[in-house]
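The values are calculated or read from the model by the stated rules, or taken from the named source; none is laboratory data. Quick caveat: nothing in here was measured; it's all calculated off a predicted structure. Cβ placement follows ideal geometry from the backbone for every residue including glycine, while neighbour counts extend to all protein chains displayed.
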Amino acid sequence: MLRREILRPDGSISGDSGPVLSIQETLDALERMLLSKRIDERAFSLQRQGRMGTYSAVRGQEASVVGSSLALDPSVDWIVPQYRELPALLRHGLSIEGFLSYWKGNSEAARIPDGVKVLPPQIGLAAQLPHAVGLAWGLQLQGDPGAVMTFIGDGGSSEGDFHESLNLAGVMKAPVVFLLQNNGWAISTPRSKQSAADTFASRGEGYGVPSILVDGNDLFAVSAAAREAVGRAKSGEGPTLIESQTYRLGAHNTADDPSKYVDSGEKLQWEELDPIPRVISYLRARDAITDAEIDDIEARNEAEVARAVDVLDTIGPASAETLFDHVSSTMSIRLRRQRDQILKGASR
């Protein structure tokens, strides 16, 4: 299976490929990528200060997340995320402070606003995929024009839920796109220890699901693949599996120390393929952006992140009692007993 590439690491266009995005769309995408990077930096600092819980950064995967989300129409399409898709969720209508509230443990403040077609983040690997297929199948049955995009990591693709979900989606021709971000690591397990298959994309073939292999650090290639897949879904042709080959430039999350298992030489090689400088080089070659304009983007992003953190600081930590909110419409005797035990311990 050939890997699709359009935007080279030096910012040039490969072969006869044309730019998938207009200059303005590319500028907008760059701003989202830089915003994601700034949020990651601030969230890491907040966690270290004890002002927020464990956080998983997008760093290194900005083109994969932003590029794929550009294929979606927030008014009709749904995102079923894992936990490393922040810029896609922001484009779909979630707020920065709302997303960070999730990592602060306040479920009320992190509630998805009405009208925003996003499901809550999922920490359990691949557990969101059955929901994504069920949601897509439901849209299909209701004649709804929307499609569903769900995100998964390479590690999550080893879970049973991944295979069961692809199988059901293929059988029902559900309008769902599986965006598999192969970032090289399942926490500390390297790609080489996860599967003997040449690609993760090839796994779709066994379930009758068309697959695409794409350079995940190439904004244009990811965007083109995602638009093709979403188009298939909306035309009734069923699901698509996209393997976006990218790299996790930082830690798995703020509780991880990648220096214990990542070879420094490997990381340096991937830093040369950072998706953000690639887009900047493309725009500079077309006189579409200057250093001053990049500084302006950074300043706007800094102001927006500062505003969100100010709001976040007004949100108190979740109480022990909220662990039991929204679990079921009627609380069972067992849940009541557990709640009472926890509250009794918290009051001591």
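Key figures for this structure:
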{"item": "Test: residue in the stretch 181-188 that is touching a Ser or Thr at 6+ places or on another chain (Cβ under 6 Å) and either small (Gly, Ala, Ser) or under 19 Å from GLN140 (Cα atoms) (or both)", "result": "no"}
{"item": "Number of positions in the stretch 233-265 that are without any contact (Cβ under 8 Å) to a residue 12 or more places away in the chain and not polar (S, T, N, Q)", "result": "3"}
{"item": "Among the candidates GLY60, GLY50, GLY18, residue that is in a loop (DSSP other than H, G, I, E, B), modelled with pLDDT under 95 and on the phi > 0 side of the Ramachandran plot", "result": "GLY50"}
{"item": "The stretch 135-168, subset assigned to a loop (DSSP other than H, G, I, E, B) and in contact with a strand residue (DSSP E or B) (Cβ under 8 Å, 6 or more places away or on another chain), residue surrounded by the most Cβ atoms within 10 Å (Cβ to Cβ)", "result": "ALA147"}
{"item": "From the options THR199, THR240, THR246, residue that is within 24 Å of GLY60 (Cα to Cα), in the same structural domain as ALA63 (by TED's automatic domain parsing), modelled with pLDDT of 95 or more and more than 19 Å from the chain's Cα centre (by Cα)", "result": "THR199"}
{"item": "Which listed residue, of GLU25, GLU97, is buried (at least 16 other Cβ atoms within 10 Å of the Cβ), within 20 Å of the chain's Cα centre (by Cα) and part of a helix (DSSP H, G or I)", "result": "GLU97"}
{"item": "Yes/no for ASP73 being touching a residue at least 24 places away in the same chain (Cβ under 8 Å) and not in a helix (DSSP H, G or I)", "result": "yes"}
